[in-house]
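Colleague: Attaching a single structure in structure tokens format; questions to follow.
The values are calculated or read from the model by the stated rules, or taken from the named source; none is laboratory data. These numbers were taken from a predicted model, which means no experiment stands behind them. Counting neighbours? That spans all protein chains shown, and the Cβs are built from the backbone with ideal geometry, glycine included. Each accessible area value is taken on the protein alone, full model and side chains, heavy atoms only, with ligands, DNA and RNA left out. Shrake-Rupley method; radii C 1.70, N 1.55, O 1.52, S 1.80 Å.
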Amino acid sequence: MDLNYRKINNLNERNYKKLLKNYKFNQEDASCLKSLRSVVNNYSKELLSGFYKFIFEFDHARMFLHNKEILLRHERGIQNWYLNLFSGVYDENYFEKLYIISEIHVRIGLPAHYVNAAFSYVRGFFKNILIKEKKYEVLGSVDKIIDINLDILTIAYREEEQSKLVDDIVFLKNVVENSNIEPYFQGIYDAKTTKINKYESLMRLIDPKSKEVFSVFSFLQTAKKIKLYEKMMEIMIEKTFEIACPLNMEFSINLCYEDISNRYFREYIYKKINTCNKAENIIFEILESDFIEDFNIVKDFATHVRTFGCKIAIDDFGSGYSSMENILKLKPDIIKIDGSLIKNIDTSLESKTIVKNIVNMAKELNAKTVAEYVHSKEVYEVVKTLDIDFLQGFYLAEPKAIEVL
């Protein structure tokens, strides 16, 4: 592990002395650790052996330590780090090396949980040998230096997350200011005719500069925290209705509980429905998991939009959150079977049995069924035999801009 690939210039700003003080790490702790150096040196090979046996249970370890040369460098790095824990000298140079290791971990994409798990193993190893050697008085000092190292070796992850958060906020604000939100439409196919019967409208964010297209999924939580989500949904609904209403084709749009429970936003939806010349073509998809919030709000919304002629679909059905009583009360027009039940249906007898039962239940409710996540020929061939009404997934069609369609 090369610890000299670049110099960290802002180490003083990070103030390692303050860090030591916060952990109440003093010269006495440093002396205690130094006194252990010869003892822990005797356990160096045992640590490395157990450490690699432990971390090779993680897929990421096999991915990064994939040949003897890399493994040998890693072993030397771990051994040096291990012995430096007991050097007795915890100065600028010591912390500089830790910061560099931390940034290397982020740069190569090593997950933070891998670092935390590795430290858990090392901490347990130290405690075992110190108890074995009856060095009880130094356990506290060892815990402190381990905590300090873990803090430093995960700081780059926190900084990376903070940097990403700032980038995401700037991106979302630019997207909203420029109305760079576009509905992409994914075809939903009739299982018998294999022709497109309806479309699902899915939100895509367009980078104003690069024109790169992003799914909204990874930005949702940030958008909600900075209060941009509602405006994004307004733009999405307005553009979807503008494109889809003139077409003689059913189309669906996703709503979450947060949308439905917002009275202002509900009123906005009702006004937009009034602008659609064929409201009977509108399908509102509601996540099954959202039923756990307040079912009465969901039910009242469904009842009201039906007065316009709109339909209600339950999305991700089978994810296991809602009660069957609520499903029966809502009387859905469409039940979209959760992708987790479809994606392995060609190899999972359990999934196939559950889907069959959902299809039978839907027929009792006079509801149509949609199999989501049809991603391969094998899955497609199986769901075609299960009397499902409609099929959706990348094997059949990916979401596309209306210009492409």
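Colleague: Residues that are among the hydroxyl-bearing types (Ser, Thr, Tyr) and more than 35 Å from the chain's Cα centre (by Cα): does the range 130-137 have at least one?
Modeller: yes
Colleague: Still on this structure: When the residues of the range 147-167 are narrowed to those that are open to solvent by 20 Å² or more (accessible area, probe 1.4 Å) and aliphatic (A, V, I, L, M), which ends up farthest from His375 (Cα to Cα)?
Modeller: It comes out as Leu150.
Colleague: Which of (1) under 26 Å from Ala279 (Cβ atoms); (2) in contact with a helix residue (DSSP H, G or I) (Cβ under 7 Å, 6 or more places away or on another chain); (3) free of Cβ contacts under 8 Å to residues at least 40 places away in the same chain; (4) hydrophobic (A, V, I, L, M, F, W, C) does Leu391 not meet, given it meets every other one?
Modeller: Single failed check for Leu391: (3).
Colleague: Of all residues in the range 168-207, count the ones that are hydroxyl-bearing (Ser, Thr, Tyr) and either closer than 20 Å to Lys225 by Cα or open to solvent by less than 10 Å² (accessible area, probe 1.4 Å) (or both).
Modeller: Qualifying residue count, the range 168-207: 2.
Colleague: Quick one: what pairs do we get from the range 37-48, first residue over 21 Å from Val89 (Cβ atoms), second assigned to a helix (DSSP H, G or I) and open to solvent by 30 Å² or more (accessible area, probe 1.4 Å), C-beta under 8 Å, 6+ apart or different chains?
Modeller: Leu48/Glu75; Leu48/Gln79
Colleague: For Lys164, are the conditions met, namely being closer than 30 Å to Tyr114 by Cβ, among the basic types (Lys, Arg) and in contact with a Phe, Trp or Tyr (Cβ under 6 Å, 6 or more places away or on another chain)? Break it down into steps so the answer makes sense when it comes.
Modeller: Numbers: closer than 30 Å to Tyr114 by Cβ: yes; among the basic types (Lys, Arg): yes; in contact with a Phe, Trp or Tyr (Cβ under 6 Å, 6 or more places away or on another chain): no.
No: the conditions fail for Lys164.
Colleague: Are any residues in the range 75-111 within 22 Å of Ser49 (Cα to Cα), hydrophobic (A, V, I, L, M, F, W, C) and either open to solvent by 60 Å² or more (accessible area, probe 1.4 Å) or modelled with pLDDT under 85 (or both), and if so, which ones?
Modeller: Ile101, Leu110
Colleague: A further question follows. Within the range 117-129, which residues are without any contact (Cβ under 8 Å) to a residue 40 or more places away in the chain and either loosely packed, with under 14 Cβ neighbours inside 10 Å or among the hydrophobic types (A, V, I, L, M, F, W, C) (or both)?
Modeller: Phe119, Ser120, Gly124, Asn128
Colleague: Quick check on the range 288-301. Is at least one of its residues modelled with pLDDT under 95, part of a helix (DSSP H, G or I), among the aliphatic types (A, V, I, L, M) and in contact with a Lys or Arg (Cβ under 7 Å, 6 or more places away or on another chain)?
Modeller: Looking through the range 288-301, none of the residues is modelled with pLDDT under 95, part of a helix (DSSP H, G or I), among the aliphatic types (A, V, I, L, M) and in contact with a Lys or Arg (Cβ under 7 Å, 6 or more places away or on another chain).
Colleague: Another one. Can you name the residue in the range 261-279 that is open to solvent by less than 30 Å² (accessible area, probe 1.4 Å) and of a type outside the set (Val, Ile, Thr) and, of all such residues, is nearest to Ile188 (Cα to Cα)?
Modeller: Selected residue: Ala279.
Colleague: Do we have any residue at all in the range 280-301 that's hydroxyl-bearing (Ser, Thr, Tyr), surrounded by 14 or more Cβ atoms within 10 Å (Cβ to Cβ) and more than 27 Å from Leu165 (Cβ to Cβ)?
Modeller: No: zero hits.
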